[in-house]
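The values are calculated or read from the model by the stated rules, or taken from the named source; none is laboratory data. This structure is a prediction, so every number in the text was calculated from the model and none was measured. Neighbour counts are summed over all protein chains in view; Cβ atoms, including those assigned to glycine, are modelled from backbone coordinates with ideal geometry. The area values use the complete protein model at the heavy-atom level, side chains included, leaving out ligands, DNA and RNA. Shrake-Rupley method; radii C 1.70, N 1.55, O 1.52, S 1.80 Å.
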Amino acid sequence: MLRNSQHSYGRVARALHWLCAAAIIAALVFIEIKGNFPKGSDVRSGLSYAHIQAGLIVLLLALPRLLWRLGNRPPDITPKPHRHADLLAHAGHWALYALMIALPILGIAFIQAKGREVGLFGLALPTLVSPDPALGGQLKDLHELLGNVLLWLSILHAAAAVWHHRFLKDDTLTRLIGPLR
């Protein structure tokens, strides 16, 4: 089933979720590993390139994912969670969507502000920001801060899914991955 049903996410929502998750994990792993290599080394440059490509893939996936989410109501959780938990979950999901869009755009902007070109697999992206090293430094700091927020929010998101499954015994997790045997 392509579309969401009342009790489970459809194939499109599942695919977009897991592809975004994989690209986010890749971007985070690449940037964390990069720090282990000397500045100017080919490995460090390659990891930086891989981080940028993964981030751009997140952006490319997040936009259709958001559009799909807006047009396809998520399945109900059974049993229904408390109102406060439901509001917190919605806030967390919308924060994840915002970060999946804002972080790559901030990344593009800070790189361009530092006077460098950004491309997706060799295809140059349009210039969003004119060279301005001071602005580039500020945008980089914000990008890194929000990257850490994304990391911790993603961990919390995954932990909440496991918590719902193991302790609350609801179908939050199985709506996305199917029945667990």
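Gain on full extension, evaluated as 0.36 nm per residue between PHE167 and ARG3 minus their Cα-Cα distance, stands at 56.2 nm. By the rule of a C-alpha distance below 21 Å, with chain neighbours fewer than 8 residues away ignored, the lysines paired with LYS169 are LYS80. Annotation: extensible slack from LEU176 through VAL43 equals 44.2 nm (criterion: 0.36 nm per residue apart, minus Cα-Cα distance). Between the beta carbons of ALA21 and LEU123, assuming R0 = 25 Å, the FRET efficiency works out to 0.50 to the nearest 0.05.
Projecting the Cα atoms of PRO179, PHE30, ALA102 onto the dipole axis of the chain, where Lys and Arg carry +1 and Asp and Glu carry -1 at the beta carbon, places PRO179 farthest toward the positive end. Under 5 Å from the amide H of LEU120 lie the amide H atoms of LEU125, each residue being 5 or more positions distant or on a separate chain, with H modelled from the backbone and absent for Pro and chain starts.
Give me the percent of the accessible area of the chain that comes from carbon and sulfur atoms, probe 1.4 Å, all protein chains in place. Could you put the intermediate results ahead of the total?
Values: 7610 of 11220 Å².
C and S atoms contribute 68 percent here.
For LYS114, the residues 5 or more places off, or on other chains, whose built amide H falls under 5 Å of its own are ASP132.
Taking the solvent-accessible surface of protein heavy atoms with a 1.4 Å probe, what is the per residue accessible area of the chain in Å²?
Working: 11220 Å² over 181 residues.
For the chain, the solvent-accessible area averages 62 Å² per residue.
With K and R counted +1 and D and E -1, the other residues having a Cβ less than 11 Å from that of LEU2 yield a net charge of +3. For a straight C-alpha distance cut-off of 16 angstrom, the aspartates and glutamates reachable from LYS34 (same-chain residues fewer than eight places away being disregarded) are ASP42, GLU144.
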